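Chemist: There's a structure below that I have some questions on.
The values are calculated or read from the model by the stated rules, or taken from the named source; none is laboratory data. These numbers were taken from a predicted model, which means no experiment stands behind them. Backbone-built Cβ (ideal geometry, glycine too); neighbour counts: all protein chains shown. Only protein heavy atoms, including side chains, enter the accessible area calculation; ligands, DNA and RNA are left aside. Shrake-Rupley method; radii C 1.70, N 1.55, O 1.52, S 1.80 Å.
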Amino acid sequence: MNKKQEIATVSRLNTKPRIIPRDQHTISRDLISENALKVLYRLKNAGYKSYLVGGGVRDILLGRQPKDFDVVTDAKPEQIRELFRHCRLIGRRFRLAHVHFRNEIIEVSTFRAPHHVSDEGEGHVQDGRIVRDNVYGDIDDDVWRRDFTVNALFYNIADFSVVDYVGGVNDLNERKLRLIGDPVQRYIEDPVRMLRAVRFASKLGLDIHADAVAPIPKYADMLENIPPARLFEEVLKLFMAGHAIKTFELLRQHRLFKYLFPQTDKLIDSEANNYSACFIKQALVNTDQRLAEGNTVSPGFLLAAFLWEPMRREAEEHMGHGLPEMEAIQLAGDAVISRQIASTSMPKRFSQMARDIWSLQVRLKKIAKRPFKVLSNNRFRAAYDFLLLRAQAGEQLSECIEYWTQQQLEESMPIINKPRSDTKQNRRRRRRPRDKD
Ligand code: ATP
Ligand code: MG
């Protein structure tokens, strides 16, 4: 019997969950979104089992606001679709339902089993890696396919209890991130779990258990076989959740950053003065700060920051061969991005934004003859922020920063300073008699 079968057998025969009744945990329905509750109740009222699972349960138990809510049930995807009007079935690797509400999507999945437990549905493993996972089961099958103990807690809408098969509540209390089952096997099944370990550790302030850390050096190379589109999604989750700086440090510590941004990683390792690392850290500190203040962050800006130094080095080489700066930056930008998308692919709008930010750096370094043209470029603000970032990281740019700050102030001056306000239409408007009461 292989390890996986052992784990499954233990789950089926020997493992009794710890049921934590409502009065002994902190999950109240007030803390669950109305839409998630609707989904949970509709499934239950239709006779299905219905649980909140994953980040929703974990985060509420930690006293945090969940990012989203995931629901799990014994209803099959088609049965889920019959219950909800705005429901789409998605995914090949995992087939699941998205129930759409005006400003929220609730992800509903069907209990799944390790592949050999049931013959029903379709499951598929290649070299130990799960490429398709649609074998259905029950809650006591489903729990073992989840990654970390803290992610495998179920909140039962039928009696408001928390169901814990894996000691997840204890691990939460002890701030420990522990993989379910044999760590090597779990990483082979899905290498992205190594990145998820770092993500949850930084986001939740948990310590990755030594058993989950140990196999990383040997198995990290498996991340090279993950589709670049999936890795890009992971990059967004890693760096756009408000804990980017901690995440970056942990990724570097576990030598995982190189699978996401190989060119940058190589440069950081080769530099004696640490400038690239310093620049990226500053970008990530700013990102976390913007998110904490409720501002948005564009993935295009982050990309521009991660790839700036590799791009700049390459552009300098081109300039050494006599190419003008703008052309050198464009050429180097194209090359750096086309190498990057072999690791993490990305929508064109993000890579284009990075290119625009880089090109505008050339124009922002000069006193412009027609500043209005530069100011009205729709990437101006991002490019200006990027200039500030470069200065924060130690570049001497105070003169052009002052100039462009001043230009923006003048641009936003009250309208009386501008000849444009004295248009024919405005003069006519001023002459028009006021309405009488
Ligand atoms: P977040 O707060 O980022 O949403 P989450 O724990 O809810 O965190 P999701 O990616 O939304 O993470 O996944 C929901 C749940 O599905 C997880 O908690 C986990 O139980 C399970 N899961 C997701 N991805 C994997 C994976 N790669 N391997 C095993 N289980 C996974
Ligand atoms: Mg989630």
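Chemist: Suppose only helical runs count, i.e. DSSP H with n ≥ 4. What mean residue ellipticity at 222 nm does that imply for the chain under -39500 (n - 2.57) per run, divided by all residues and rounded to the nearest 500 deg cm²/dmol?
Modeler: Dividing the helical sum by the residues of the chain leaves -14500 deg cm²/dmol.
Chemist: Could you give the angle, 0 to 90 degrees to the nearest 10, between helix 228-239's Cα long axis and the longest principal axis of the Cα atoms of the chain?
Modeler: Relative to the chain, helix 228-239 is tipped by roughly 80 degrees.
Chemist: Where Rh denotes the Kirkwood radius from the mean inverse Cα pair distance, what is Rg over Rh for the chain?
Modeler: Using Cα coordinates only, the ratio equals 1.07.
Chemist: Related question: How much length is gained if the chain between H100 and K16 is pulled fully straight, taking 0.36 nm per residue apart and subtracting their Cα-Cα distance, in nm to one decimal?
Modeler: Values: separation 84, 0.36 × 84 = 30.24 nm, distance 3.47 nm.
Fully extending the segment from H100 to K16 adds 26.8 nm.
Chemist: Taking springs between alpha-carbon atoms closer than 10 angstrom, which of N378, N156, N173 fluctuates most in the Gaussian network model of the chain?
Modeler: It is N378.
Chemist: Along Cα→Cβ, 7 Å out, is where each label goes; now give me the distance between the ones at R92 and E249 in nm to one decimal.
Modeler: With each label placed 7 Å out from Cα toward Cβ, I get 4.0 nm.
Chemist: Sticking with this one: Keeping every protein chain in place, order V184, V71 by accessible area at 1.4 Å, biggest value first, i.e. largest first.
Modeler: V184, V71
Chemist: List, in the order given, every pair from K16/K44; K218/K348; K348/K369; K67/K176; K76/K203 whose Cα-Cα distance in the structure shown is over 25 Å. Display every interim value, and only then the final one.
Modeler: Numbers: K16/K44 23 Å; K218/K348 34 Å; K348/K369 31 Å; K67/K176 20 Å; K76/K203 32 Å.
Table pairs above 25 Å Cα-Cα are K218/K348; K348/K369; K76/K203.
Chemist: Find the centroid of the Cα atoms in segment 59-98 and in segment 198-257, then give the distance between the two in whole Å.
Modeler: Distance between centres, Cα-based: 25 Å.
Chemist: When the Karplus curve 6.51 cos²θ - 1.76 cosθ + 1.60 is applied with θ = phi - 60°, which whole-Hz ³J(HN,Hα) does each residue of segment 355-371 get, with x for Gly and Pro?
Modeler: 4, 5, 4, 5, 4, 5, 4, 5, 6, 6, 7, 10, 6, 7, 5, 10, x
Chemist: Going by a ≥ b ≥ c, the root eigenvalues of the Cα gyration tensor, does segment 15-174 fall in the rounded group (a/c under 1.5), the prolate group (a/b larger than b/c) or the oblate group?
Modeler: oblate
Chemist: Looking only at L223, L96, L31, which one moves most when the chain is put into a Gaussian network model with springs between Cα atoms under 10 Å?
Modeler: Sorting by GNM fluctuation, first place goes to L31.
Chemist: Calculate I(q)/I(0) for segment 140-282 by the Debye formula, one identical point scatterer on each C-alpha and no solvent, and give its log10 at q = 0.15 Å⁻¹ to two decimals.
Modeler: -0.79
Chemist: If R0 is 56 Å, what FRET efficiency do you get for D159 and S376 from their C-beta distance, rounded to 0.05?
Modeler: So the FRET efficiency works out to roughly 0.40.
Chemist: On C-alpha positions alone, give me the angle between the axis of helix 299-320 and the longest principal axis of the chain, in degrees, nearest 10.
Modeler: 50
Chemist: Now for a different question. Please give the helix 244-253 orientation as an angle from the longest Cα principal axis of the chain, in degrees from 0 to 90, rounded to the nearest 10.
Modeler: Around 70 degrees separate the two axes.
Chemist: Is the shape of segment 262-410 rounded, prolate or oblate, going by the alpha carbon gyration tensor and its root eigenvalues a ≥ b ≥ c, with a/c under 1.5 for rounded and a/b larger than b/c for prolate? Don't jump to the answer; show the numbers that get you there.
Modeler: On the way: a/c = 1.43, a/b = 1.19, b/c = 1.20.
Since a/c stays below 1.5, the shape of segment 262-410 is classed as rounded.
Chemist: How much length is gained on full extension from L323 to K348, taking 0.36 nm per residue of separation minus their Cα-Cα distance?
Modeler: 6.4 nm
Chemist: Extending each Cα 7 Å along its Cβ direction at E316 and E395, get the distance between those two points in nm, one decimal.
Modeler: 1.2
Chemist: Excluding A391 itself, calculate the net charge of residues whose Cβ lies under 13 Å from the Cβ of A391, where each Lys or Arg counts +1 and each Asp or Glu counts -1. Don't skip to the answer; put the middle values down first.
Modeler: On the way: positive: K365, R390; negative: D385, E395, E399, E402.
Net charge in that neighbourhood comes out at -2.
Chemist: Okay, next question. Under a point spin-label approximation (7 Å from Cα along Cα-to-Cβ), what is the E34-N173 distance to one decimal in nm?
Modeler: Here the answer is 3.6 nm between the modelled labels.
Chemist: Then there's this: Rank I245, I188, I367 by mean-square fluctuation in a GNM of the chain with C-alpha springs under 10 angstrom and give only the top-ranked residue.
Modeler: Sorting by GNM fluctuation, first place goes to I367.
Chemist: Using protein chains only and a probe of 1.4 angstrom, how many square angstrom of W144 are accessible, to the nearest 10?
Modeler: About 40 Å², ignoring ligands and nucleic acids.
Chemist: Moving to a separate point now. Rounded, prolate or oblate: pick one for segment 223-340, where a ≥ b ≥ c are the square roots of the eigenvalues of its C-alpha gyration tensor, a/c under 1.5 means rounded, and failing that, prolate if a/b is larger than b/c, else oblate.
Modeler: prolate
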